[in-house]
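These notes concern the structure reproduced below.
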Amino acid sequence: MKSKRMLSRITGLIAMVLLTSCINGLKRKPKTEFIYPDLQIERHQKPKSKGVGHVRFIDLADTISNVLADKGKLIFEAQCAACHKLTDQRLVGPGWAGITNYRRPEWIMNMILNTDEMLEKDEAAIIQLKDCMTRMPNQYLTKTEARSVLEFMRRNDMQQVKSKDGAAAK
């Protein structure tokens, strides 16, 4: 009698697990793909924000300047790699893969050059700060150095996600 009761309970448990797993398999995947699910930043979204700071327009060439990108790589290794990965994985700060496709170049430059004001006034930077819970320190880069880092990000995006400048105004 006890073995029949135990067998029916086990059978019921197995049926419930299978039913639950089937229901989860029927759920639809969202139509939009998010880079950071907590932040709901869509990959194909073209943000309009240029950020807060002096950088209002950047004219990007179609080709990547390897001279600038090489300088940017050195800066990344010395000042950025402790907090950022070149993939989409977060370390302390967000990963850089795809960044030029979902952040405007002006926003990136303003975040590098005007970090404190961006973290106080720019909506996207504030949301990112809430997600990362660590304030990006000002690196005190020059505009030329920041432009080199941006060019390195563009090259990294070509290597990581095979596209760049998706957020740039057309």
Quick check on my link table: of 73/164; 130/162; 85/164, which ones sit more than 19 Å apart, alpha carbon to alpha carbon? 130/162
Among rounded, prolate and oblate, which fits the range 41-126 when a ≥ b ≥ c are the square roots of the eigenvalues of its C-alpha gyration tensor, a/c under 1.5 means rounded, and a/b larger than b/c means prolate? rounded
If you rank 136, 158, 111 by how much accessible surface each has, with a 1.4 Å probe, what is the order from largest down? 158, 136, 111
Solvent-accessible area of residue 10, probe 1.4 Å, all protein chains present, reported in Å² to the nearest ten, please. 80
Could you please report the charge total around residue 50, scoring K, R as +1 and D, E as -1 over all other residues with beta-carbon less than 9 angstrom from its beta-carbon? +2
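How much net charge surrounds residue 65 when only the other residues with a Cβ under 10 Å from the Cβ of residue 65 are counted, with Lys and Arg +1 and Asp and Glu -1?
+2
On a 1.4 Å probe surface of the protein chains, which of 70, 157, 62, 131 comes out largest in accessible area, and what is the full order?
Details: 70 75, 157 0, 62 135, 131 30 Å².
Largest to smallest exposure gives the sequence 62, 70, 131, 157.
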With each pseudo-label sitting 7 Å past Cα toward Cβ, what's the residue 60-residue 142 distance in nm, one decimal? 2.4
Exposure rank, largest accessible area first [100, 142; 1.4 Å]: 142, 100
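The values are calculated or read from the model by the stated rules, or taken from the named source; none is laboratory data. This structure is a prediction, so every number in the text was calculated from the model and none was measured. As a convention, Cβ positions derive from the backbone with ideal geometry for all residues, glycine included, and neighbour counts pool all protein chains shown. Surface accessibility is based on the protein's heavy atoms, side chains included, excluding ligands, DNA and RNA. Shrake-Rupley method; radii C 1.70, N 1.55, O 1.52, S 1.80 Å.
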